[in-house]
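Here the structure is laid out as structure tokens; the discussion comes afterwards.
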There are 2 protein chains.
Amino acid sequence: MPTDFAATKSLFHLPEGVIYLDGNSLGPMVKTAPARMARAMEGEWAELLIRGWNKAGWMAQPAVLGDRIGRLIGAAPGTVVLGDTLSIKVYQALASALEMNPKRKVILSDTGNFPSDLYMAEGLCRTLGGQYRLKTVAPEEVMSAIDDTVAVTLITEVDYRTGRRHHMGDITKRAHEMGALTIWDLAHSAGALPVDLTGTKADFAVGCTYKYLNSGPGGPAFIYVAPRHAETARPALSGWLGHEAPFAFDLAYRPGRGIERMRVGTPPVLQMAALEAALDVWDGVDMTEVHLQSLRLQDQFIKAIGTRAPMLQLATPRSHLMRGSQVSFRHPEGYAIMQALIAEGVIGDFRAPDILRFGFTPLYIDDDDVAQAVNRLAKIMDYGSWDKPEFKQRALVT
Amino acid sequence: MPTDFAATKSLFHLPEGVIYLDGNSLGPMVKTAPARMARAMEGEWAELLIRGWNKAGWMAQPAVLGDRIGRLIGAAPGTVVLGDTLSIKVYQALASALEMNPKRKVILSDTGNFPSDLYMAEGLCRTLGGQYRLKTVAPEEVMSAIDDTVAVTLITEVDYRTGRRHHMGDITKRAHEMGALTIWDLAHSAGALPVDLTGTKADFAVGCTYKYLNSGPGGPAFIYVAPRHAETARPALSGWLGHEAPFAFDLAYRPGRGIERMRVGTPPVLQMAALEAALDVWDGVDMTEVHLQSLRLQDQFIKAIGTRAPMLQLATPRSHLMRGSQVSFRHPEGYAIMQALIAEGVIGDFRAPDILRFGFTPLYIDDDDVAQAVNRLAKIMDYGSWDKPEFKQRALVT
């Protein structure tokens, strides 16, 4: 049965008068989330207290919700677990991969990767000592840069700035041919497009839940380890909940079974309650349909902006195969233009130095939203109404 | 003005018929927390969406709430920041300290430390390579084990199992005399007793908020760095929100100013909303009073159990100077006894192999609670009513 996008839209709380094209940064709230949270607080925490760990299933939740996300990214049950932040999960995956490929000393990434991934890699190299190195090439040079020095590739499938999509299957295949492991950052993929971790034979994957999966600000990250590595991967961040028997309180660490070892500390139970409500919307949704619908909305936007606001330069590839769920344009005054647009009720965001980003998330964005967003953006460009001091003042968070 | 403990008790939601002596594991909910959370979800997230980072102050919250916790642990404003889990913060503090003391290769801890601290240290040593070593001695041998090989001490001030308290001032002084740095885990100290990080000249401290600070299951951890180290400490977990300019999206990491560099990824905004409500209770509370009141309640409990259930062997030191906010007893059938007690409405917890733990948290535990807890525990011991199969079956989480 095809996904009824009008029906999914009705499940979200969207502020009156706002067209929200920034679900690629922070997804909106599903209407059921406050009640689910109230239950977690007043029914579970307040009433069960410490007993909630067993009786409300808090301890199992990182794996239970991990499986529900797993369905959206082509991961088998028992291969995904929630916790921490994406940066922490990048560190864990990288440290594991480097230990599994000990003769190689190079982490390969690209300049389009999200900076925190690069910073975490840099921090790990520093901790590991002088012989390790992070090598960063242009996105289009990743394939040719995979040589026999590379221990692991660390690539974000969809570029946070340009929206350019890497070919996960090809890169993974090339990496394996050259003896390298792969880590895929799915921050802009999970909930945006079909991901097939099993089919592409990806080794590790990490992602966040507060963008397309709508878990709310600061929702937990997730990590995937391919089943063939599950008993080999050794997390550098070896916390007690990743121990084989956390409640034995042994003095020495023994990694837990499979993906469980990637857990670190106490899971964020309240954030997970919001995520649980958000995931209900995804049950029965087909990722291919979501992506095709997003591409259709993107095409409408690209075409209309090309005609009506041609001074905005498209930064996203035109090929459907090279796109995620986001369209970006460049303009030297991108920051002020985006602020003017937000003042008109269309929320996208800006990424330094000159990128305007627009996310097209079909679960709650429809054709009419796209048409209205185009109208308001074209008007701002026609009248130059972005050229005001109040739109140029940079906020703490852009 | 002395703290009115009857008044603070009325601020907590405590389930009908339950005496809760496990605030040392998971604190109860303050009554205002659900409304604060509803505001974070329905007023901030749902309505402001991505704009919440600026307009609702989400980005600043880890430092703002850090300062409020700072007051309770003798830390100056701008020296504490929230985020991640305690295990992650241990790793960050350890990695920083080892880099600051490069000629030394030994981390000194004790067998009474919480295992996750030891596991994280073990994982870090493994990542750092063969020359680093975690040395673990008995709690009472820590002082004499601080020699000129020790790079850093990693000590939990109050032993999670026995409730034995280390002398933070003496150990820190000894460590500094021997050229070592100190990391204090305040998991069982923050909100339990007066801590003076500034006065004792502690170098680093870490702690969690879901125990005595009542932030709810999975609430964020905190980290303190002494001002004299703030611009030197280099976090191994160098995430984007610890960058000097996160929204510049530079490719290379530059540590942020002072404590800000200890931030890693996106903060857990919803968990922080619950913490914010919980911290309101602490404003105006004096930690010395809280600890004295706790010791008074503990003394009542110890004395009465000594008379009425002498087969329970006290595991906590009798000296007030060596106690936190918890009293522990040993019994070979401790697990079953605790389950029987919980069935009678008195919630404490069990720690393998044989420890029954009871937390005395004066903000919501009073003399009458202690008397009733004694009565029910004595009755269970008198009648041997713990000796039933249903009390011996171990749950996932103990």
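Here, each number is a calculation from the coordinates, and none is a lab measurement. Given the structure is predicted, the values throughout are model-derived calculations rather than measurements. When we count neighbours, we look across all protein chains shown, and the Cβ atoms used for this are built from the backbone with ideal geometry, even at glycine.
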Mind listing the Cα extents of segment A:118-216 along all three principal axes, in Å, largest one first? 40, 28, 24
May I ask which residue of A:Gln131, A:Pro267, A:Met168 lies farthest towards the positive end of the charge dipole of segment A:34-282, with charges of +1 (Lys, Arg) and -1 (Asp, Glu) on Cβ and the Cα centre as origin? A:Gln131
Rounded to whole Å, sorted largest first: equivalent-ellipsoid semi-axes of segment B:93-164, Cα gyration tensor: 20, 14, 9
D (Stokes-Einstein, µm²/s), Kirkwood Cα radius, the protein assembly as shown, 1.567 mPa s at 4 °C: 48
With +1 assigned to the C-beta of every Lys and Arg and -1 to the C-beta of every Asp and Glu, and no other charges, what is the dipole magnitude of segment B:87-237 about the Cα centre in debye, to the nearest 20? 240
Taking the dipole about the Cα centre of chain A, with the C-beta of Lys and Arg at +1 and of Asp and Glu at -1, give me whichever of A:Val80, A:Ala371, A:Val142 is farthest to the positive side. A:Val142
Listed by chain and number, the lysines with an alpha carbon less than 26 angstrom from that of B:Lys201, same-chain partners under 8 positions apart left out, are B:Lys89, B:Lys103, B:Lys105, B:Lys135, B:Lys173, B:Lys211
Positive-end extreme of charge dipole, segment B:34-282 - chosen from B:Ala252, B:Ala233, B:Gly216 (charges on Cβ): B:Ala252
Which percentage, to the nearest 5, of the DSSP beta bridges contained in segment B:34-282 is antiparallel? 40
Expressed as cubic angstrom per residue, what is the convex hull volume of the alpha carbon set of chain A? 147
If we count GluC sites (Glu not before Pro) as exposed when they sit in a DSSP loop and have at most 14 other beta carbons within 10 Å, what is the longest stretch of chain B that avoids them all? B:17-230
So for segment A:1-103, what percent of the C-alpha to C-alpha distances run longer than 25 Å? 46
Low-density loop cleavage sites - trypsin sites (Lys or Arg not before Pro) in segment A:69-160, where at most 11 other Cβ are within 10 Å (DSSP): A:Lys103
Size-normalised alpha-carbon gyration radius of segment A:33-172, reference 2.2 N^0.38 Å: 1.33
Based on alpha-carbon atoms only, what is the radius of gyration of segment B:56-102 relative to the globular estimate 2.2 N^0.38 Å? 1.32
Per the Debye formula with a single identical scatterer at each Cα and no solvent contribution, what log10 I(q)/I(0) holds for segment A:223-374 at q = 0.17, 0.20 Å⁻¹? -0.97, -1.15
About its Cα centre, what dipole magnitude does the protein assembly as shown give when the only charges are +1 on Lys and Arg Cβ and -1 on Asp and Glu Cβ, stated in debye to the nearest 20? 1280
For B:Ile302, what charge total do you get from the other residues with a beta carbon under 13 Å from its beta carbon, if Lys and Arg give +1 and Asp and Glu give -1? +4
What is the local net charge at A:Tyr20, summed over the other residues whose Cβ is closer than 14 Å to its Cβ (Lys, Arg +1; Asp, Glu -1)? -3
Within 14 Å, Cβ to Cβ, of A:Ala236, how many net charges do the neighbouring residues add up to if Lys/Arg are +1 and Asp/Glu are -1? +3
Normalized C-alpha radius of gyration of segment B:179-304, against 2.2 N^0.38 Å? 1.27
With a cut-off of 8 Å between alpha carbons and a minimum separation of six or more residues, what is the relative contact order of segment B:252-398 in percent? 23
